[in-house]
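Novice: This is the structure I have questions about; it appears just below.
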Amino acid sequence: MCKKMMHYKRYHSWSKKGGDVLVVCVDEETNPLGLVCGNSAYNHKRTKPKLCYLLFLSLISFSFILALYSFSSEGGGLGPKTDVNGCSSISNGSICCERSSIRSDVCVMKGDVRTDSVSSTITLYRNNYVTRNLDENDEVLWHEKIRPYTRKWEKSVMDTIDELDLVVKGEHSGVHQKCDVEHDVPAVFFSTGGYTGNLYHEFNDGLIPLYITSQKFNKKVVFVILEYHNWWITKYENILSHFTEYPIIDFTGDKRTHCFPEAIVGLRIHDELTVNSSLMGNNKSIRDFRDLLDRAYWPRIRGLIQDEEREASMNMEKLVSSPSSETKMVMMEEKQDLKKPKVVIIARNDSRAIMNEDSFVKMIEDIGFSVEVLRPQRTTELARIYQVLNSSDVMIGVHGAAMTHFLFMRPGSVFIQIIPLGTDWAAGTYYGEPAVKLGLKYIGYKILAKESSLYDDYDKNDSVLTDPNSVNDRGWEFTKKIYLDRQNIRLNLGRFRKRLLHAYYHSVANESARIHRLSQ
């Protein structure tokens, strides 16, 4: 009898039906402990014995397994433990690999850990290993392979990630690599390859998993990066400095042997753009991650605010020195804008653009908002974007990677996501649900076929317009080509107005509650 562990496997697909089931089958007769070590798999073909003979063999096997388990629990076993709870406690000289997750593999090595970037190897020397034969001293006791990236189910991208060999050797195994740099804190090994360069993936596949994996060390940890990029370090240096207080190591570029008392290879990931507090030892959540962003960006934002105040003061002095009716009107409008709730529109520069943006902005202003249109570029400093969104009440944008910026919004504020045809599932899964977990008021605006530029390109009865799911079922290339790369939005302003009014009243109520709290 096989026990099946079912895991839902989310592919980078937009269909609700997109996904596979991974079935891990454990035969309790051949593996009563249910252990799956590393990449090993054993298949046994045997005839059906008589009942008494089977019971006899079972008794002997059970006794043997108890002995083996006792040997392993005392640190004498060769294979790694498999701990679905995170390899939280392993003995010195041990390796533990978590491979049950659909999203990522993680291995923990504890003891005398040494790197060799030339051979892409990390070696653990076991000082408590008792050899059975003297000639075993030079042999590898255990060998694992791992690609430390968090999209394990996507073979095409995982094939581009550098693979590491994790090796366990005995204490007297040959000549140890000389330690060029000795560290007294653990290391976390991970890759910034794959989809790095896309904001969503940089946060979802990298920064948040890095926070989940490393925050328990309270900055006493060294990061070792495969596929190292200087621009990535520069872009996120504000955040990384709150993850670690040590210099970051380029695994491939630094040929020295680094020695660590512990190494975590790979990053743990919970779900899309979130932190599951129930899986964290200290109950940290995505709000704690956002609080860290606040602390990371505040020094830079404070400087930006001071620069803006100086510039505003200079402009005001010029206006006061030459008063006119026009000047007075400008000053009055500026004062009024300070009292209005603020909307930030994240505008796209390519496909899925809002075609009637000017009319849209005017309608938002007529409702009573002040409006800022933000057009992020690859070179735009994240601290500036954070400053704008952190001080806003509502963020509006069309589904896409830029919606990751909802992480910069204050909990309690409003996030309105415009959902183009064919992107319902992805919009909700990747941004809508995570925004709610952060504490935002999420409003999804699903456009009608007539609001899509595709309405002008296809027959009104074409499945592209009437049944997007059937198009998505044909594969990712169709989704990307049709719904992501060739679709723009012409908003029905009357229909959208209802969402804006909802957001307006919510924002006003929030501000009133804030003022009331301050007055108490």
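The values are calculated or read from the model by the stated rules, or taken from the named source; none is laboratory data. It should be emphasised that the depicted structure is a prediction, and the values quoted were computed from it without experimental measurement. Cβ: placed from backbone, ideal geometry, glycine included. Neighbour counts: every protein chain shown. For accessibility, only protein heavy atoms count, side chains too; no ligands or nucleic acids. Shrake-Rupley method; radii C 1.70, N 1.55, O 1.52, S 1.80 Å.
Novice: Which residue is least open to solvent (accessible area, probe 1.4 Å), if the candidates are limited to segment 405-421 and must be without any contact (Cβ under 8 Å) to a residue 40 or more places away in the chain and in a loop (DSSP other than H, G, I, E, B)?
Specialist: Here the answer is 409.
Novice: Let me ask something else about it. Any idea which of (1) modelled with pLDDT of 50 or more; (2) surrounded by 14 or more Cβ atoms within 10 Å (Cβ to Cβ) is the one residue 118 doesn't satisfy?
Specialist: Condition not satisfied by residue 118: (2).
Novice: Any chance segment 358-372 includes a residue that's open to solvent by 20 Å² or more (accessible area, probe 1.4 Å), in a helix (DSSP H, G or I) and within 30 Å of residue 299 (Cβ to Cβ)?
Specialist: No, every residue in segment 358-372 fails to be open to solvent by 20 Å² or more (accessible area, probe 1.4 Å), in a helix (DSSP H, G or I) and within 30 Å of residue 299 (Cβ to Cβ).
Novice: Another question, if that's okay. Considering segment 366-385 alone, what residues qualify as being over 23 Å from residue 350 (Cβ atoms) and touching a residue at least 24 places away in the same chain (Cβ under 8 Å)?
Specialist: Taking segment 366-385 first, the residues over 23 Å from residue 350 (Cβ atoms) are 366-370, 383.
Within segment 366-385, 367, 368, 369, 370, 383 qualify.
Novice: Find the residue count for segment 244-258, including only residues that are under 19 Å from residue 193 (Cβ atoms) and surrounded by 19 or more Cβ atoms within 10 Å (Cβ to Cβ).
Specialist: If we filter segment 244-258 for residues that are under 19 Å from residue 193 (Cβ atoms), which is where we start, we get 248-254.
In the following step, the residues that additionally are surrounded by 19 or more Cβ atoms within 10 Å (Cβ to Cβ) were identified as 249, 251.
Qualifying residue count, segment 244-258: 2.
Novice: Does residue 434 fit the bill of being open to solvent by less than 60 Å² (accessible area, probe 1.4 Å) and more than 22 Å from the chain's Cα centre (by Cα)?
Specialist: Values: open to solvent by less than 60 Å² (accessible area, probe 1.4 Å): yes; more than 22 Å from the chain's Cα centre (by Cα): no.
Considered against the rule, which asks whether it is open to solvent by less than 60 Å² (accessible area, probe 1.4 Å) and more than 22 Å from the chain's Cα centre (by Cα), residue 434 comes out as no.
Novice: Tell me which residues, restricted to segment 437-456, are assigned to a helix (DSSP H, G or I), within 24 Å of residue 273 (Cα to Cα) and open to solvent by 90 Å² or more (accessible area, probe 1.4 Å).
Specialist: 437 - this is the single residue of segment 437-456 that is assigned to a helix (DSSP H, G or I), within 24 Å of residue 273 (Cα to Cα) and open to solvent by 90 Å² or more (accessible area, probe 1.4 Å).
Novice: Tell me, please, whether a residue that is surrounded by fewer than 22 Cβ atoms within 10 Å (Cβ to Cβ), hydroxyl-bearing (Ser, Thr, Tyr) and assigned to a strand (DSSP E or B) can be found in segment 393-404.
Specialist: No, every residue in segment 393-404 fails to be surrounded by fewer than 22 Cβ atoms within 10 Å (Cβ to Cβ), hydroxyl-bearing (Ser, Thr, Tyr) and assigned to a strand (DSSP E or B).
Novice: Considering segment 337-354 alone, what residues qualify as being part of a loop (DSSP other than H, G, I, E, B) and either in contact with a strand residue (DSSP E or B) (Cβ under 6 Å, 6 or more places away or on another chain) or surrounded by 13 or more Cβ atoms within 10 Å (Cβ to Cβ) (or both)?
Specialist: 340, 341, 347, 348, 351, 352, 353
Novice: Among residues belonging to segment 262-284 that are out of contact with any Ser or Thr (no Cβ under 9 Å at 6 or more places or on another chain) and open to solvent by 50 Å² or more (accessible area, probe 1.4 Å), point out the one that is farthest from residue 404 (Cα to Cα).
Specialist: Residue satisfying both the conditions and the ranking: 282.
Novice: Kindly indicate which of 424, 485 is in contact with a Pro (Cβ under 8 Å, 6 or more places away or on another chain), open to solvent by 10 Å² or more (accessible area, probe 1.4 Å), under 16 Å from residue 399 (Cβ atoms) and of a type in the set (Asp, Glu). Show your work before the answer.
Specialist: Numbers: 485 fails: in contact with a Pro (Cβ under 8 Å, 6 or more places away or on another chain).
That would be 424, the only listed residue that is in contact with a Pro (Cβ under 8 Å, 6 or more places away or on another chain), open to solvent by 10 Å² or more (accessible area, probe 1.4 Å), under 16 Å from residue 399 (Cβ atoms) and of a type in the set (Asp, Glu).
Per-residue answers, yes or no, for (1) without any contact (Cβ under 8 Å) to a residue 60 or more places away in the chain; (2) on the phi < 0 side of the Ramachandran plot; (3) of a type outside the set (A, V, I, L, M):
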| site | (1), (2), (3) |
| --- | --- |
| 446 | yes, yes, yes |
| 453 | no, yes, yes |
| 464 | yes, yes, no |
| 493 | no, yes, no |
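Novice: Can you name every residue in segment 457-499 that is among the aliphatic types (A, V, I, L, M) and part of a helix (DSSP H, G or I)? Break it down into steps so the answer makes sense when it comes.
Specialist: Within segment 457-499, the subset among the aliphatic types (A, V, I, L, M) is 464-465, 471, 482, 484, 489, 491, 493.
Correct list: 464, 465, 471, 482, 484, 493.
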